[in-house]
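Since the structure comes first, as structure tokens, the remarks are kept for the end.
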Amino acid sequence: MMSLRKSKKDDEEVVVLLDDDSHNSNDDEEQEENDETHHHATSSSKWMTSRKRSVTVLLLLVIAIQVYALLMRRVVFLEECGDGGDIALKNKKQNNKSSSDWDHETATTPMIEDDEHETSSSSFVSGSLRLSPDIPSQPQTTAKVGLCAITKHSSQYLDEWMDYNLLAIGFYEVYLYDNSDEFVLQEWKNRRHKKKMNSTADHHDANKRIHVTHYPGKYTQIPSYKNCTETFGHRVDYLAYFDDDEFLVLYKHRTVGDFVLEHLVNGSSLTVNWQYFGNANHTIASPLPVTKRFQHTVSTFPGTGVKSIVRPQDFLGMKHPHAIYLQPKSDPPRAAWRDTTRQIANYTDDGAQNWNKPSDVALLYHYKYKSEQEWLYKSCIRQDIGNRQDWNCDQRPEVGYIKDDTAWRILSERVPKYQMFEEFPDYG
């Protein structure tokens, strides 16, 4: 019995020993299994991370290639094809709507109520809707209007600005004063003139109507306007004083000559109010035209700021970059600042602002901000023409609320080479 019990005990001990060995063996197998699972999980995680990185890099590469292709296509089109692009786009032009057939539904967007912006759908009419259907297809006068402007490190915008002013609305000549120390506009002018072999007659003629003067130094805007009037005033009937981020939009006239001849009172100056445009939530610059990239005004109503147009013989000097001292005049109507109503308006003492803000005939579309990147460069790095260190550097650009693409429609309709940009998205 003892033996048997011992044997049983031994068996039990053996069983116990066998159970312990089995348990240890299971632990080892489970550990190996866990290690293998962890290894696979780690490998899978690394693979997913690597794949995400690859996809991100691929997406960035695709975007970069598209932006580069857009830039190079623009360069090739404007440099190699030159202004002969009008011919290349002949068929596309025939399929596009005329100015009288523009889609008015796309010219406006619903009003957005905001306490900081005046919004009134009953009182505001979008710029495109204000364009008269009776605008003639050809100039009605031969009045010569010149344009004086001082600019600094803005050559990337000047081709569009020149084409708009010379070809789309008919300025006779443009007189550019380059405020940079390096005279960068000399290279820009040479490049533009090199395209003349591939240019149409109109574009070739327009290039010859650009005059560039080196004018470095501080606080030069008023002196440059005076120099421009004295140097070039004898070549034209009227002179306007605008900046390179301002586009004159005419709602009832084909050309600036037709507009001035009807609305400027001899002996007085004619002022046009600003319409500010926001940055449309663009953060970086892109190689698309300014008037295509930014099509939302910051308010439903024009700003109070104005710019001026005058006959050279009535010019005495500049009271302000926006207002003109006029030659004395004894016979009526008396010399005065007047707006598009031909009346003496509600101006501030310095003549820089008109609180009446007429907007039915013309406005000066002011693309002050552009993208955040461009605004940072303009306001904090380049600064204004006078090189004031504190000029608007802390001001945040406004976005814009009301759709108004009138300037772009005028440019792309009257200078057909710009229609190519309708194909490209804006990655700004």
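The values are calculated or read from the model by the stated rules, or taken from the named source; none is laboratory data. This structure is a prediction, so every number in the text was calculated from the model and none was measured. Here Cβ is always computed from backbone atoms with ideal geometry, including for glycine, and neighbour counts include all displayed protein chains. What goes into the accessible areas is simple: the full protein's heavy atoms, side chains included, and nothing from ligands, DNA or RNA. Shrake-Rupley method; radii C 1.70, N 1.55, O 1.52, S 1.80 Å.
Output yes when any residue across the stretch 331-340 is in contact with a His (Cβ under 6 Å, 6 or more places away or on another chain) and closer than 17 Å to LEU261 by Cα, and no when none is. Yes, the stretch 331-340 has at least one match.
Each residue in the stretch 353-362 was checked for being open to solvent by 60 Å² or more (accessible area, probe 1.4 Å) and among the hydrophobic types (A, V, I, L, M, F, W, C), and 1 pass.
Of all residues in the stretch 368-381, exactly one satisfies the criterion of being farther than 21 Å from ALA407 by Cα and open to solvent by less than 10 Å² (accessible area, probe 1.4 Å), namely SER379. When the stretch 228-263 is filtered for residues that are farther than 19 Å from VAL212 by Cβ and free of Cβ contacts under 8 Å to residues at least 60 places away in the same chain, only GLU262 remains. Against the test of being touching a residue at least 12 places away in the same chain (Cβ under 8 Å) and touching a Gly at 6+ places or on another chain (Cβ under 7 Å), the options ASN266, ASN273, ASN281 yield a single qualifying residue, ASN273.
Of the helices (runs of 4 or more DSSP H) lying entirely inside the stretch 172-289, the ones with 2 or more residues being in contact with a Phe, Trp or Tyr (Cβ under 9 Å, 6 or more places away or on another chain) and open to solvent by less than 30 Å² (accessible area, probe 1.4 Å) are found at 221-232, 256-263. Reported count of residues in the stretch 336-347, each being in contact with a Pro (Cβ under 7 Å, 6 or more places away or on another chain) and small (Gly, Ala, Ser), is 0. Taken over the stretch 290-311, the criterion of being open to solvent by 10 Å² or more (accessible area, probe 1.4 Å) and polar (S, T, N, Q) is satisfied by GLN295, SER299, THR304. One residue stands out among those in the stretch 353-374 that are over 24 Å from the mean Cα position of the chain (by Cα) and without any contact (Cβ under 8 Å) to a residue 60 or more places away in the chain: the one that is nearest to GLN221 (Cα to Cα), which is TRP355. Among the residues here, TYR365 does not qualify as of a type in the set (Ser, Thr, Tyr), open to solvent by 60 Å² or more (accessible area, probe 1.4 Å) and not in a loop (DSSP other than H, G, I, E, B). The residue that is nearest to the chain's Cα centre (by Cα), among those in the stretch 382-395 that are surrounded by fewer than 13 Cβ atoms within 10 Å (Cβ to Cβ) and at pLDDT 55 or above, is GLN395. Here ASP339, ASP350 are screened, and the one residue that is at pLDDT 95 or above, of a type outside the set (A, V, I, L, M, F, W, C) and buried (at least 19 other Cβ atoms within 10 Å of the Cβ) is ASP339. Each residue in the stretch 312-329 was checked for being under 26 Å from PHE277 (Cα atoms) and either of a type in the set (Lys, Arg) or open to solvent by less than 10 Å² (accessible area, probe 1.4 Å) (or both), and 2 of them qualify.
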